Structures are given as structure tokens and as C-alpha cells.
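The values are calculated or read from the model by the stated rules, or taken from the named source; none is laboratory data. From a predicted model like this one, the values you see are computed outputs, not experimental measurements. Note: ideal-geometry Cβ built from the backbone for every residue, glycine included; neighbour counts use all protein chains shown. The accessibility values were calculated without ligands, DNA or RNA, using every heavy atom of the protein model including side chains. Shrake-Rupley method; radii C 1.70, N 1.55, O 1.52, S 1.80 Å.
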Amino acid sequence: MLIINATLVNWTPREVTPDRALLIRDGLIVEIGKSSELIERYPAEEQRDAKGRYVMPGNICAHTHFYGAYARGLAIPGPAPRDFPEILRKLWWPLDLALTAESVRHSALVCLVDAVKHGTTTLFDHHSSPNAIDGSLNVIADAVEQAGLRAVLCYEVTDRNGPEKTEQAIAENVRFLKAAKQRKNIGAMFGLHASMTLSSRTLEMALHECLSINGSSRFHIHVAEHEADQENALAEYNSRVIERLDNYGILGHQTIVAHAIHISETEMEDLFTTGTWVTHQPRSNMNNAVGAAQIDKMIERAVNVCLGNDGFSNDMWAEWKAAYFLHKVVSRDPRAANGYTIETIAADNNARLAEQFFAGTIGKLVSSAVADLIILDYHPFTPMTADNLPWHAIFGFESDMVTATMVAGKFLMWERVLLTLDEIAIAAEALTHAPEVWARYRANVEALG
């Protein structure tokens, strides 16, 4: 098809170019030029009129949890958790134990609806459902394919539910690392919870299995989200978290460490030298009161910092804004988290991360790049240029301005109408299962004390 009358926005290099058309074939951008020229050259092509609106690369979420969907509005029994370890024990661990294969599917679908509507085209999901482990990643992958999005999936390995569950979780990662190779827009990683819930034996088993399939480390793990992770590593293993993971060969250019809030400068250096990816989730960090990652320092040290949402809405513009403002408050320095820095982590680095798992150029509207794009109905009342583009994104762009979402050359939404998912039916079906999930959650809270 031809997308005509587009104002093209690219992040790398930063540019805003009016009156452009894009020729899309076989999931790729084949050619870009002036609308009149491409219309004349390809008169038989189906045309979609962007009507002068902004056409830009789709947003990418570098760390999320679809399974957390059923936490929305959920009341935690008893006194409110006083810190993050209590949030884990009183909310997340009893909730993931409450999930069945069916509720895993509904959790994924409602999040995927959210992603399509908000223009998020690629997502890195970190899954946990200890009472529905086997085949759970297939359930999620099927939902992603139904939506038409692009995703990289993994299952969370942890020792907190006993050795049998640990072995099942490892087996699910092994199975899916192999199975994902047969799925076009699905990638796979080896999921790990956090150092504080992983024994040395489990890390050794996970590394052995991952290397046997992938040939290199490809892990997705939470790191130092709270001081408790570092305290455990120092008390139990006489090392800091990053040092411990590096000693086991977990770090590397295809490994994601989420959060990395409470890390030292030496650990930052280790992240740089190993090429490991760090994901920043500002809305979640504020909600859990765990602190703020030192993203400016990490960017200065050339660490690969990306942007995720940790299971919050897939409105990535909201995450851009939160990252921009959070660090100014924490540091009391208005120069912190510069707009170019936010663009670097959210657009440039997220795209480079996605390219580790999918063939082709991602995150750019250029000839031969994958056709993952969105159309934004934004009407600036001040000039929007290459130089000030990040600030328009932070202060002007809103997710409800997204009118179309395309992945691999296929529109998933056009003129705000979802084409692959029925939002009302999906929400209604998810809602019918919510009381059962919440009842199991409350029973788990009581059982876990």
C-alpha cells in the first residue's frame, strides 16, 4: 500500500518532513518520497491518506508484565504495605499464584488492546503464573499474534515456590526458546526473577540451559529494584548483585536487567563492559517508592538504558513524561533527564534493543526498515522542528492522539478503530474471570500469612 500525505517524524536522525508518502510491501518500507511522485509511480497501489498527520515509528516497551492486569483496583487485605518487599509478599506473589491459563490469556489480551490503542508496537514481557507454568508462554504468544503486535517473552524463574516449580519454570523457558524460532514476530528470552530469590544452583542450571540453546546469555531479570536485593547478595554471597550475576555469566549484550536503581558506579561499569541492557520504569518506581535509577550517570557511562513500563498502561508517552519529571524532583536539578536523554533511552535505545531479537531495522522510517509505525493527530501551536522534537513529545504528545497503528506492514488500528481485537468483548470476558482471580488471591494472602 501507499501511505500518502504524511508528515514524517524520525528520531534517528531527528527530522520532521512534510508531504511524504511511504510504499509498504511484505512488511517493509520499500520507498519514501514526495506524495505526488509516489502516487504517479505506483498508481495501482492501495492508498491510505494520512491527511497531513504525523507518521512516526511505533513506540517500544522494554519491560512489562501482562500478568499484572488483574491488579487494577485490587484491594490488598490488612494494613497497606510499608515497603517494596511487603508489596511483593502481599500483592504480587499471591496474585501470580492466583492465575490460571485462562486468566493469563485475558491478562495478555487486555494489555495488547491497550498497546495497539496507544501506539506501542513492540513489547518485552516478563511473565509469572506458578500454578499455570507449562505452556503459559504459548498462551501469551498466541494472544500477541492475534493482536498482530511484536513481542519478546520469557517466564520468571524463582526459588520461592519450591524446587519443582523452579524446574518447571526453567523447562518452560527452554521449550519456548526453541518454539519461538517458528514464530515470525515473537522473540524469546530466559526469565529470572531477582538475585534475592535465586540460588546459585538455579543460576547455574539456567545458564547451562540458555547457553545450550542460544549460545550466549539471553536473560531478563530484575536487579536492585529495592535495597533488599543488594542486602541479600552481600549477606548470602558476599558480592553485590551485578557482580554476582556477572560471575555466573548472566550479563551480556542480549540480557536485560530491569530497574538497576540501587547499584554502584562499579556495577555501572560492569553493565557497560558486558553490553547489558538496563530498563527504566519511572511510574512503577514512584508507585513502589523504591527510588530513581541514576539514568544520567548511566547514559554518561554509555550504558544501554531503555524505557519500560513494568506493567503500567502501554501509554509510553506517559512513561516519557514521568522519566523527564521524576529525576528533576529527585535531584532538585532542572537539568536532570534532559529531553534528548529521554529520547535516547525511549526511542533510540529501545529500537536497538528490539533489533537484537528481530531481523531488520526497527524504530526508523527509512527504506528497507520494518513497517512498524503509528499516525499521530497532533496539532502543534508552536513550531515543531528536529531540535525541539523531544519536548513536543514530552509536553504535547498524548496517547489518545494515536489514530493508526501498524506492525510489519499491517494496520492493527485505523482511524481509532481496532482491526484485530474486539476491545469491548475482551474487557467483558476478562471481567467475568476477575472475581475468581481475586478470590484465589485473597485465599493466597491468607495462606501465605
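Table for the structure above
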| quantity | calculated |
| --- | --- |
| Rounded if a/c under 1.5, otherwise prolate or oblate - segment 369-449, Cα gyration tensor axes | prolate |
| Contour excess over end-to-end distance, with Cα ends at residue 234 and residue 332 and 0.36 nm allotted per residue | 32.2 nm |
| Segment 42-120: GluC sites (Glu not before Pro) in DSSP coil with no more than 12 other Cβ atoms inside 10 Å | 46 |
| HN-Hα J in Hz across segment 142-153 - Karplus 6.51, -1.76, 1.60, θ = phi - 60°, x for Gly and Pro | 4, 5, 4, 5, 4, 5, x, 7, 10, 8, 10, 10 |
| Computed accessible area, residue 446, all protein chains, 1.4 angstrom probe, square angstrom | 150 Å² |
| In the chain, lysine pairs closer than 17 Å at Cα, eight or more apart or cross-chain | 5 |
| Inter-part distance where segment 162-218 and segment 41-78 are each reduced to a Cα centre, Å | 28 Å |
| Residue-normalised accessible area of the chain, expressed per residue, 1.4 Å probe, Å² | 39 Å² |
| Distance between modelled label sites at residue 429 and residue 415, nm, 7 Å Cα→Cβ extension | 2.7 nm |
| For segment 230-327: rounded, prolate or oblate by the Cα gyration tensor [a/c cutoff 1.5] | prolate |
| Accessible-area composition of segment 174-296, carbon plus sulfur, in percent [1.4 Å probe] | 48 percent |
| Segment 324-392: C-alpha gyration tensor shape, a/c 1.5 cut-off, then a/b vs b/c | oblate |
| Solvent exposure ordering (accessible area, 1.4 Å, most first) of 329, 407 | 329, 407 |
| Residue among 242, 299, 76 with the largest mean-square fluctuation in a Gaussian network model of the chain, springs linking Cα atoms under 10 Å | 76 |
| Extent along principal axes [Cα atoms of segment 82-197; Å; largest to smallest] | 36, 33, 25 |
| Whole-Hz couplings from phi, Karplus 6.51/-1.76/1.60, listed for segment 178-186; x for Gly and Pro | 7, 5, 5, 5, 8, 10, 5, 10, 10 |
| Karplus (6.51, -1.76, 1.60) ³J(HN,Hα), θ = phi - 60°, over segment 110-118, in Hz, Gly and Pro reported as x | 5, 5, 6, 4, 4, 5, 4, 4, 9 |
| Accessible surface of segment 17-141 [probe 1.4 Å, protein heavy atoms]: carbon and sulfur percent | 51 percent |
| Contour minus Cα-Cα distance for residue 287 and residue 164 (0.36 nm per residue) | 41.0 nm |
| Semi-axis lengths, Å, the chain, gyration tensor of Cα atoms, sqrt of 5 times eigenvalues | 36, 24, 21 |
| Most positive-pole-ward Cα, 127, 76, 59, against dipole of segment 53-195 from beta carbon charges | 59 |
| Apportionment of accessible area to carbon and sulfur, segment 321-437, percent (1.4 Å) | 58 percent |
